[in-house]
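First the structure, in the form of structure tokens, and then the observations on it.
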Amino acid sequence: SYASMAIVAAVVFEIYKHTGSTWIFAAAPTLLMLLSTFHYYFRFITNALDAQRAQTEAAEREQDLAAQHTRDMARSEQRFESTFQHASIGMALVGMDGTVIKANPAFNLLFGFDGEADAPRQNMLDCVDVSLRHTLRQHLRDALLPQGPSAALEVRCNLRDGRNLDASLQCAAFSSPNAQVPCVVLQAQDISSQKATLASIEHFSLYDSL
């Protein structure tokens, strides 16, 4: 804008030197209109460039935020995977129908599952006592609710290897962009010893009272 005005001023000055001031006064309205047009035109161009620059910067910031979010999600999933695989407590990703999608070694050992990648998927509903299957299914569904399950669920399991197992199950909703179906994180602990000890205490208490 300032450069264009300087050029016009230089041209006017050259004309003035050759023709005198009479032409200047006659052409003054036209010159003013020309200068005004240059001013608003270049201000329009400047504003358009500023707006384009702001949009570009905003798009770059959004790309940076999206990339940072992706990196954070990847690190979070790596931490979860490490915790999941090395946890001493049994942990598994379980679908709403009870299918065990993925389990850590402790979970496979507890329930006698084959931990090989190509092994057939197991179903937790097949492990628990028939009378508790509906309760377990509802427990899995409750994990997806905002408040989640109210407490751990204690179940009696009849395993394929002939063992009977008392287990405490705790569910939590699992959220991951890579999750293909709704699933929950199921934590399982063997409470057979605690149940047996409690039963013994109740048994002796009963006989002592007699």
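For the condition under 30 Å from residue 187 (Cα atoms), open to solvent by less than 60 Å² (accessible area, probe 1.4 Å) and modelled with pLDDT of 80 or more, what is the one hit in 48, 58, 87?
87
Name the residue that is nearest to the chain's Cα centre (by Cα), counting only residues in region 108-117 that are open to solvent by less than 60 Å² (accessible area, probe 1.4 Å) and at pLDDT below 90. Write out each step before concluding.
Initial filter on region 108-117 (open to solvent by less than 60 Å² (accessible area, probe 1.4 Å)): 108, 110-113, 115.
Imposing the further condition that a residue be at pLDDT below 90 reduces the set to 112-113, 115.
Numbers: 112: 32, 113: 30, 115: 28 Å.
Within region 108-117, the match that is nearest to the chain's Cα centre (by Cα) is 115.
Please go through (1) outside any strand (DSSP E or B); (2) of a type in the set (D, E, K, R); (3) in contact with a strand residue (DSSP E or B) (Cβ under 7 Å, 6 or more places away or on another chain) for residue 133 and return the number of the only condition it doesn't satisfy.
(3)
Quick one: which of 120, 105 is modelled with pLDDT of 90 or more and open to solvent by 40 Å² or more (accessible area, probe 1.4 Å)?
Details: 120 fails: modelled with pLDDT of 90 or more.
Just one listed residue meets the conditions, 105.
Can you report the number of residues in region 71-82 which are without any contact (Cβ under 8 Å) to a residue 24 or more places away in the chain and either over 28 Å from residue 187 (Cβ atoms) or of a type in the set (D, E, K, R) (or both)?
5
Among what's in region 83-115 and is part of a loop (DSSP other than H, G, I, E, B) and touching a residue at least 24 places away in the same chain (Cβ under 8 Å), pick the residue that is nearest to residue 181 (Cα to Cα).
96
The values are calculated or read from the model by the stated rules, or taken from the named source; none is laboratory data. Note that the coordinates shown come from a computational prediction; the quantities given were computed from them, not determined experimentally. Positions of Cβ are backbone-derived with ideal geometry, glycine not excepted, and every protein chain shown enters the neighbour counts. Accessible surface is based on the protein model in full, side chains and every heavy atom, while ligands, DNA and RNA are left aside. Shrake-Rupley method; radii C 1.70, N 1.55, O 1.52, S 1.80 Å.
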